[in-house]
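The values are calculated or read from the model by the stated rules, or taken from the named source; none is laboratory data. The shown structure was predicted, so the numbers you read here are calculated from the model rather than taken from an experiment. Cβ coordinates were reconstructed from backbone atoms using ideal geometry, including for glycine residues, and neighbour counts include every protein chain displayed.
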């Protein structure tokens, strides 16, 4: 797509075009957020202009500065020992309590494992689950989803299948899952709830359907709770008190739950997440694992194979910091979901801004209801495919990723992440959207 | 192997036997140090006895408590942003300076990348190098080596080849490498220098041979400098002054160098290492990469594929701490190699202790010279295979790993790591070795 050379754009068009070329349109199409970010960094440096950054799902909130207890602070002084690859006992205990306090599920400390971000948790889940049963080697993505998860499977050479959940809500979900799983080649299925980027939220009934089919076909459901508790229509903020966010762990033992600390605790820079699985899956024995690991026990292969062999575990000091954060959350001293509510507030305002300037919301319904306000929303603009739109908006100082990169069938859309933008930037965003609309009628 | 039920062993034989059974002899045979460690932890807890721990290559030195500069300390306060997957610019600069100061090689900051331990650096090197050129999909291990590297390749489903370097020193190395590489299927070769566990040290001439053949057959040489500068026969301690440890980076651009901070800086708990590669390899374009990545540029695939997609990069606060450590080392304020000299001193004493009690050194020569004293040495005992010996020594309160797990052909040997044992434990070690010899004549 060429920009009309006679149009003056808010950001110097030659510099944008040069950098898009330099980094490669492939990365934009692939929705590689870190590469897009790097490209925008370069454009910002060269033009001295600031972008409205909506490409990376990164927290825009300063993390809680937690003072560690004397015991944890003392442990933090000596970091010469390798971390246990399944996590420090103090952290495992707090993770288990957190799951009880905020999801009302019982997972013993043994089965609560810190990973180097949810990315490593997902990687370890993919790796181990595809080696579990002969012939079950394919990952099913309930899309749309996080592009990195698909890139990961592709890099690892795993087969993938997908469908767009938006078309299959409620009982329709059973039909499509039955069709996909009954072929017998699916090792694991992955979804995020709330969904990145469509922000649809699976209901208890839908999770029950996924669980039933996972059990019927012995498939592991990987539940990515990256935006933990951020369905702000309900108040999940209080430990040990209902309501609780829905989780598939209530309905099946064939599951692995990933909780990122990046968004919930604004801790993206520290690379730590919770990977939790039921004890029966942890202890499950699968002879096929011996083809790739020294053990046939699922949890052992996960920890002493998939995790240990790619990272050696998570930094001890980071584990101790998270211990402090979780302890504060578990004891009700840190109401972390109050901090993240601002995302919903910003989404509400920003959606209206896009709509006023000729854009439409792509994923606009959550089952029978209008889509909620959260970390992401999705928009399109008449006459553009998503990757063209993402690219064109770069000339207007706005960065995003195309929906096509998320496994969405709605190729016309782009994903907007509200997290980094500050309310003071709203007038500038509105101005740039107006300029865009003026030039693209 | 059954222990004679009539023999009383220093550690309760029923408890040892039960735990060996529980964890599985497979893990001992596989040299899975973390699993062996866990087993020994359990035995210690149950018997209230302390083992002489020689299974894990873990530093026994408290790390330097470094005070960060105000600038770095300020950066450390905000960890809400994702780290750049190729590292913070301040760290990249110090890594580049470190390579100049302590190896006398010129690698620009762009090509100095922090990874979640050398394990993740090795993983990323394997992953990217096996996708580079069609048909070159096999890892060649110059053995003996670190068992985790082989387990990693096995988990990932990569083909592996191996030979035992001890049999091929000097010009013989050229012949075996030519034989292996000329088949055309090798993507990368890996060796550690000094060698884990044999402690043989490749010479400049040998590195030149490896480099020449890597160039001839377009194979990437992965150089694992886990025990950086620990050939204590030479004084490598002073930045910017010769002598420098030998490195293949002086002889070829087809290389990747891994420097663990675990042993050099006693920083194993923090999971951070340096992965460095020449600019020409970083910028190299390989169309085959597009089968698995969104880019055909090697460095981009490495960073935005292999590293980003498994960890998201290294914890920001850990990166900043390492920045402080490297800065102190580069400026000569922290003579880190003086700290690690104690390993050589302990090895000298411990070797004699084993020999006095009927053991022999397995890898006893380094080319024409006797093997040097360092982080590891290797022993055998008449009438035992290595895995039997490792297991039997557990009854005497001594933990180790069998050489067979390291790719060594010397199946009779075990690896002894001197790092954790403190000098005060020497009398206990001697006593246990005496007990062992008494029972096993």
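Return the total of residues in the stretch B:71-88 being outside any helix (DSSP H, G or I) and without any contact (Cβ under 8 Å) to a residue 12 or more places away in the chain.
Filtering the stretch B:71-88 down to residues outside any helix (DSSP H, G or I) leaves B:78-88.
Next, only the ones that are without any contact (Cβ under 8 Å) to a residue 12 or more places away in the chain stay: B:78, B:80.
Of the residues in that region, 2 qualify.
Within the stretch A:378-386, is there a residue that is surrounded by fewer than 16 Cβ atoms within 10 Å (Cβ to Cβ) and touching a residue at least 12 places away in the same chain (Cβ under 8 Å)?
yes
Going through the stretch B:14-33 one residue at a time, which ones are free of Cβ contacts under 8 Å to residues at least 24 places away in the same chain and touching a helix residue (DSSP H, G or I) at 6+ places or on another chain (Cβ under 6 Å)?
Result: B:23, B:27.
Of all residues being surrounded by fewer than 19 Cβ atoms within 10 Å (Cβ to Cβ) and not in a helix (DSSP H, G or I) in the stretch B:310-333, which is nearest to the other protein chains (Cβ to nearest Cβ)? Just the residue, please.
Per the stated criteria, the residue is B:333.
From the list A:226, A:237, A:188, exactly one residue is over 23 Å from residue A:378 (Cα atoms) and surrounded by 19 or more Cβ atoms within 10 Å (Cβ to Cβ). Which is it?
Criteria check complete, one pass: A:188.
Does residue B:258 satisfy being in a helix (DSSP H, G or I), within 14 Å of another protein chain (Cβ to nearest Cβ) and within 30 Å of residue B:333 (Cβ to Cβ)? Talk me through it step by step, then tell me what you get.
Values: in a helix (DSSP H, G or I): no; within 14 Å of another protein chain (Cβ to nearest Cβ): yes; within 30 Å of residue B:333 (Cβ to Cβ): yes.
No; evaluated as a whole, the condition is false for this residue.
Return yes or no: is residue A:210 in contact with a strand residue (DSSP E or B) (Cβ under 8 Å, 6 or more places away or on another chain) and part of a loop (DSSP other than H, G, I, E, B)?
It is false that residue A:210 is in contact with a strand residue (DSSP E or B) (Cβ under 8 Å, 6 or more places away or on another chain) and part of a loop (DSSP other than H, G, I, E, B).
Can you find even one residue in the stretch A:335-358 that is assigned to a helix (DSSP H, G or I), within 29 Å of residue A:64 (Cβ to Cβ), more than 21 Å from the chain's Cα centre (by Cα) and within 14 Å of chain B (Cβ to nearest Cβ)?
Within the stretch A:335-358, not a single residue is assigned to a helix (DSSP H, G or I), within 29 Å of residue A:64 (Cβ to Cβ), more than 21 Å from the chain's Cα centre (by Cα) and within 14 Å of chain B (Cβ to nearest Cβ).
Residues are listed down the side, and each one gets a yes or a no for (1) more than 13 Å from chain B (Cβ to nearest Cβ); (2) over 26 Å from residue A:276 (Cα atoms):
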{"residue": "A:54", "(1), (2)": "yes, yes"}
{"residue": "A:71", "(1), (2)": "yes, no"}
{"residue": "A:77", "(1), (2)": "no, yes"}
{"residue": "A:88", "(1), (2)": "no, no"}
{"residue": "A:92", "(1), (2)": "yes, no"}
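Residue B:259 is checked against (1) in contact with a helix residue (DSSP H, G or I) (Cβ under 7 Å, 6 or more places away or on another chain); (2) buried (at least 23 other Cβ atoms within 10 Å of the Cβ); (3) within 30 Å of residue A:78 (Cβ to Cβ) and fails just one. What number does that condition carry?
Tallying (1) in contact with a helix residue (DSSP H, G or I) (Cβ under 7 Å, 6 or more places away or on another chain); (2) buried (at least 23 other Cβ atoms within 10 Å of the Cβ); (3) within 30 Å of residue A:78 (Cβ to Cβ), residue B:259 fails exactly one: (1).
Residue by residue through the stretch A:21-70, note down the ones that are in a loop (DSSP other than H, G, I, E, B) and either touching a strand residue (DSSP E or B) at 6+ places or on another chain (Cβ under 6 Å) or over 30 Å from residue A:327 (Cβ atoms) (or both).
Hits for the stretch A:21-70 are A:24, A:30, A:31, A:32, A:48, A:49, A:50, A:51, A:54, A:55, A:57.
Which one is nearest to the other protein chains (Cβ to nearest Cβ), of the residues in the stretch A:285-309 that are more than 22 Å from residue A:119 (Cβ to Cβ) and outside any helix (DSSP H, G or I)?
Of everything passing the filter in the stretch A:285-309, A:294 is nearest to the other protein chains (Cβ to nearest Cβ).
Just give me the residues in the stretch A:99-118 being away from chain B (no Cβ under 14 Å) and under 19 Å from residue A:303 (Cβ atoms), in sequence order.
Those that are away from chain B (no Cβ under 14 Å) and under 19 Å from residue A:303 (Cβ atoms): A:99, A:107, A:108, A:109, A:111, A:112.
Based on what the data block shows, is residue A:135 out of contact with any strand residue (DSSP E or B) (no Cβ under 6 Å at 6 or more places or on another chain), farther than 26 Å from residue B:268 by Cβ, away from chain B (no Cβ under 13 Å) and assigned to a loop (DSSP other than H, G, I, E, B)?
Criteria met by residue A:135.
In the stretch B:422-441, which residue that is within 17 Å of residue B:384 (Cα to Cα) and assigned to a loop (DSSP other than H, G, I, E, B) is nearest to the chain's Cα centre (by Cα)?
Step by step, filter the stretch B:422-441, then rank; the result is B:440.
When residue B:23 is evaluated against the numbered criteria (1) on the phi > 0 side of the Ramachandran plot; (2) crowded, with 19+ Cβ neighbours inside 10 Å, which criterion, by number, is the only one it fails?
(1)
Among the listed residues A:344, A:413, A:324, which satisfies the condition of being in the same structural domain as residue A:237 (by TED's automatic domain parsing) and either out of contact with any strand residue (DSSP E or B) (no Cβ under 7 Å at 6 or more places or on another chain) or on the phi < 0 side of the Ramachandran plot (or both)?
Working: A:344 fails: in the same structural domain as residue A:237 (by TED's automatic domain parsing); A:413 fails: in the same structural domain as residue A:237 (by TED's automatic domain parsing).
Being in the same structural domain as residue A:237 (by TED's automatic domain parsing) and either out of contact with any strand residue (DSSP E or B) (no Cβ under 7 Å at 6 or more places or on another chain) or on the phi < 0 side of the Ramachandran plot (or both) holds for just one of A:344, A:413, A:324, which is A:324.
Quick one: which residue in A:405, A:380 is over 30 Å from residue A:235 (Cβ atoms) and at pLDDT below 95? Show your work before the answer.
Working: A:380 fails: at pLDDT below 95.
Criteria check complete, one pass: A:405.
Identify, from the list A:43, A:36, A:52, the residue that is crowded, with 18+ Cβ neighbours inside 10 Å, within 28 Å of the chain's Cα centre (by Cα) and within 27 Å of residue B:120 (Cα to Cα).
Details: A:43 fails: within 27 Å of residue B:120 (Cα to Cα); A:52 fails: within 27 Å of residue B:120 (Cα to Cα).
Of the residues listed, the single one that is crowded, with 18+ Cβ neighbours inside 10 Å, within 28 Å of the chain's Cα centre (by Cα) and within 27 Å of residue B:120 (Cα to Cα) is A:36.
Would you check if residue B:265 is in contact with a helix residue (DSSP H, G or I) (Cβ under 9 Å, 6 or more places away or on another chain) and surrounded by fewer than 24 Cβ atoms within 10 Å (Cβ to Cβ)?
Taking the combined requirement at face value, the residue does not satisfy it.
Against the condition under 30 Å from residue A:154 (Cβ atoms) and more than 14 Å from chain B (Cβ to nearest Cβ), how does residue A:121 come out, does it pass?
no
What is the one condition in (1) surrounded by 23 or more Cβ atoms within 10 Å (Cβ to Cβ); (2) more than 30 Å from residue B:83 (Cβ to Cβ) that residue B:345 does not satisfy?
(1)
Among B:409, B:393, which is the only one that is part of a loop (DSSP other than H, G, I, E, B) and out of contact with any helix residue (DSSP H, G or I) (no Cβ under 6 Å at 6 or more places or on another chain)?
Going through B:409, B:393 in turn, the sole match is B:409.
Does residue B:93 fit the bill of being farther than 27 Å from residue B:286 by Cα and outside any loop (DSSP other than H, G, I, E, B)?
It is true that residue B:93 is farther than 27 Å from residue B:286 by Cα and outside any loop (DSSP other than H, G, I, E, B).
Name the single residue, out of those in the stretch B:56-68 being in contact with a helix residue (DSSP H, G or I) (Cβ under 7 Å, 6 or more places away or on another chain) and away from every other protein chain (no Cβ under 11 Å), that is nearest to residue B:403 (Cα to Cα).
B:66
Just checking, which of B:119, B:156 is in the same structural domain as residue B:89 (by TED's automatic domain parsing) and over 26 Å from residue B:290 (Cβ atoms)?
Step by step, each of B:119, B:156 is checked, and only B:119 is in the same structural domain as residue B:89 (by TED's automatic domain parsing) and over 26 Å from residue B:290 (Cβ atoms).
Select from the stretch B:163-185 the residues that are within 30 Å of residue B:56 (Cβ to Cβ), in contact with a helix residue (DSSP H, G or I) (Cβ under 8 Å, 6 or more places away or on another chain) and not in a helix (DSSP H, G or I) and list them in ascending order.
Of everything in the stretch B:163-185, those that are within 30 Å of residue B:56 (Cβ to Cβ), in contact with a helix residue (DSSP H, G or I) (Cβ under 8 Å, 6 or more places away or on another chain) and not in a helix (DSSP H, G or I) turn out to be B:163, B:168, B:169.
Within the stretch A:82-104, which residues are in contact with a helix residue (DSSP H, G or I) (Cβ under 6 Å, 6 or more places away or on another chain) and under 20 Å from residue A:124 (Cβ atoms)?
The answer is A:82, A:83, A:85, A:86, A:88, A:91, A:92, A:96, A:98.
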